[in-house]
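Take a look at the structure set out below.
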Amino acid sequence: MVFKVAGVHAPDGSARELSMKIGRKMTNLENASAAMMKLRDSKTALSQDVEELKATLARNGDGSLLRGWRRHMDPEGELQVNFQDFIQACARFSYFGDTLAIFGLDPDPNLLGFQSLAPEEGAVLEKFKHWMKATFGSPAAFFAAAAGNGEKELSRDAFCTKSVAAGYEDQDELNLVFDCCDTNGGGEDSIFYEDLIFLEADEEARSLSRYTAKLGKLMEWKQSAAQEYWEFQQQRELAKKEGSGFHQAHRRAPRPWLDRYFDEMPAVKSQLKVLRIKEQCRRSRLARNQFQEHVRRTFGNDIRAWRKSLAPTSFEITQQSLRSYCGTHNLKVNAKDVWDGLDQDHDGVVHFDDYNVRQAMALAKFQQWARQSFGSCEAIWRQPDAAAVSRTLTGIWFPEKAMAISTFTAVVKKLGWPDLANQEVRRLVFQGLDLQAFGTIQRSDLAWLDGWHPLGWVTAEPK
């Protein structure tokens, strides 16, 4: 039988699959349209967006918000996520809420903590963490006591039973914690020791436990690989025996270049490559974090560091300029690892747009508004309203005078900047323009912003 879907003839199975795809796309478009119609500056809309995101995480976590968070945003159990990972996860979910406002719920501008998104569930995790530390000392001790007899898996029943027996009486909270540990779900209702490590309250002990667990996994893999190698050797010896009666130059004799060793096994080479890539990613992420902590501590924020030292006259930096910066400031960090952490698209340069995505998007929106309204950002300074507001608030005005941020706020309010009510966007824009950290904005700061030509994705509107 043949069905016709959207003008296309296809077999019945293909038609049903095509219909489902079209239905999903229409649903995504409807959700996007509904999200764009909300009043983004209202607390009610933000609250609705948060509840929709939590519901989305629960759906993708087999009914558990905590499992959805761990599975799709925070696999390591840090209970916090950076902006890039957060945006990518929302895109996978086809979530169309105000992600920038939700990410701004956390006091830390660079991370979104789980407790900021879901305070009640976050409080349950913190409560269980400290209870486990006080009662058992560590997740390892709790796992050994709950699993018993050297078992490698811990069931939900055993988890709850041992916790209740040790004095934790809230069964519902215990099920929430178990869901957060059981990231696989699927009805198996069992976890391993590695799944509990993130509940270690002491950060140093948690890092050591993770390292030890990974080392144990590596040893298990080596044993498995050794067994595979032994079987390979046996097969090779059988092949040698077949040609052992021939001269070395005979066409059926074993060839020296086919005499493989352990490191040439496909499974071993693949695993070693994966481990090297993971280690490089870990080093680059750590080096990037250390580098960003340094520039924020030294200059106050990323954009000020870029304008004053990293690239004062440009909107991109090269590996050589980054090495020069690290040497000038005597940073005890591997410049190659820092570069790998910053240049994630491996195009040889780090663009201003990629350096701090959140602040770049906020500045791009301000720049876009200024260009559409007045022709340029610097033209704001020449508006009659700017002079009038400055005279009203300060009593004086001349073009080369620096303007206090409070005065500049009144100016852009008078000129109708639509994002002024968004506290997070306003803070990011003013931080980027305040070069000297004096709480003032100069005409040259706006001229600097005019020199930036954002990449297309920074200013793209959702479709």
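The values are calculated or read from the model by the stated rules, or taken from the named source; none is laboratory data. The shown structure was predicted, so the numbers you read here are calculated from the model rather than taken from an experiment. Note: ideal-geometry Cβ built from the backbone for every residue, glycine included; neighbour counts use all protein chains shown. For the accessible areas, the whole protein counts, side chains as well, though only heavy atoms, and no ligand, DNA or RNA atoms are used. Shrake-Rupley method; radii C 1.70, N 1.55, O 1.52, S 1.80 Å.
Miscellaneous remarks
- The set of residues from segment 52-97 being among the acidic types (Asp, Glu), under 24 Å from GLU194 (Cβ atoms) and open to solvent by 40 Å² or more (accessible area, probe 1.4 Å) comprises ASP62, GLU76, GLU78, ASP85.
- Segment 432-455, residues that are open to solvent by 60 Å² or more (accessible area, probe 1.4 Å) and either among the hydroxyl-bearing types (Ser, Thr, Tyr) or assigned to a helix (DSSP H, G or I) (or both): SER444
- Selection status of LEU39, of a type in the set (A, V, I, L, M) and either in a helix (DSSP H, G or I) or modelled with pLDDT of 85 or more (or both): no
- Against the test of being touching a residue at least 40 places away in the same chain (Cβ under 8 Å), closer than 30 Å to GLN84 by Cα and touching a Pro at 6+ places or on another chain (Cβ under 9 Å), the options LEU196, LEU125 yield a single qualifying residue, LEU196.
- Meets criteria (open to solvent by 70 Å² or more (accessible area, probe 1.4 Å), of a type in the set (A, V, I, L, M), farther than 12 Å from SER64 by Cβ and under 25 Å from the mean Cα position of the chain (by Cα)) for LEU199: no
- Residue check for ILE317: closer than 17 Å to HIS453 by Cβ and open to solvent by less than 40 Å² (accessible area, probe 1.4 Å): yes
- Top-ranked residue in segment 192-219 [being more than 17 Å from ARG282 (Cα to Cα) and small (Gly, Ala, Ser); ranked as modelled with the lowest pLDDT]: GLY216
- Test set (1) closer than 21 Å to GLY61 by Cβ; (2) without any contact (Cβ under 8 Å) to a residue 40 or more places away in the chain; (3) surrounded by fewer than 17 Cβ atoms within 10 Å (Cβ to Cβ) - ILE191 fails condition number: (3)
- Selection within segment 404-463: residues that are modelled with pLDDT of 90 or more and on the phi > 0 side of the Ramachandran plot. The member of this set that is nearest to the chain's Cα centre (by Cα) is GLY439.
- Scanning segment 330-363 for residues that are closer than 15 Å to ASP302 by Cβ and more than 16 Å from the chain's Cα centre (by Cα) yields VAL338, VAL350, HIS351, PHE352, ASP353, ALA360, MET361, ALA362, LEU363.
- Cross-chain or 6+ apart pairs with Cβ under 8 Å, segment 59-78 first and modelled with pLDDT of 85 or more, then part of a helix (DSSP H, G or I) and open to solvent by 70 Å² or more (accessible area, probe 1.4 Å): ASN60/ARG71; GLY61/ARG71; GLY68/ARG59; HIS72/ARG92
- Counted residues, segment 387-439 - those being among the β-branched types (Val, Ile, Thr) and touching a residue at least 40 places away in the same chain (Cβ under 8 Å): 2
- Filter result for VAL81 (assigned to a strand (DSSP E or B) and aliphatic (A, V, I, L, M)): yes
- Some residue of segment 9-21 being surrounded by 18 or more Cβ atoms within 10 Å (Cβ to Cβ), modelled with pLDDT of 55 or more and not in a loop (DSSP other than H, G, I, E, B): no
- Filtering segment 162-209 to residues that are more than 15 Å from MET132 (Cβ to Cβ) and of a type in the set (Val, Ile, Thr) leaves only THR183.
- Among (1) closer than 29 Å to GLN344 by Cβ; (2) modelled with pLDDT under 85; (3) open to solvent by less than 50 Å² (accessible area, probe 1.4 Å), the one test that ASN28 misses: (3)
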